[in-house]
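This report concerns only the one structure given below.
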Amino acid sequence: MRGLIFLIPIALILGALGLASFFWALRNGQFEDPEGSAARILMDEDDDRKEDKDEDRYA
């Protein structure tokens, strides 16, 4: 039972830190464009750069 005296405040503090972090991220726009980030993964911008480098090697 003595452990609960220490664990409950620690749990409340960690919960408050998590909630504060969530609101900080929300204010800084971390969740504004979730679909754009997902689509950027699928784009092949690196392939164009590799092709340019390969053309420079053989020229």
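Laboratory data are not the source of any read-out in this text; all were calculated from the coordinates shown. Predicted model only: the values in this text are computed from it and were never measured. No Cβ is skipped: glycine too gets one built from the backbone with ideal geometry, and neighbour counts run over all protein chains shown.
The simple spin-label model puts a point 7 Å past each Cα toward its Cβ; for residue 24 and residue 39 those points are separated by 3.1 nm. Residues in segment 28-43 carry Karplus couplings, in order, of 8, x, 6, 10, 6, 10, x, 6, x, 5, 5, 6, 5, 5, 7, 6 Hz; the curve used is 6.51 cos²θ - 1.76 cosθ + 1.60 with θ = phi - 60°, and Gly or Pro positions show x.
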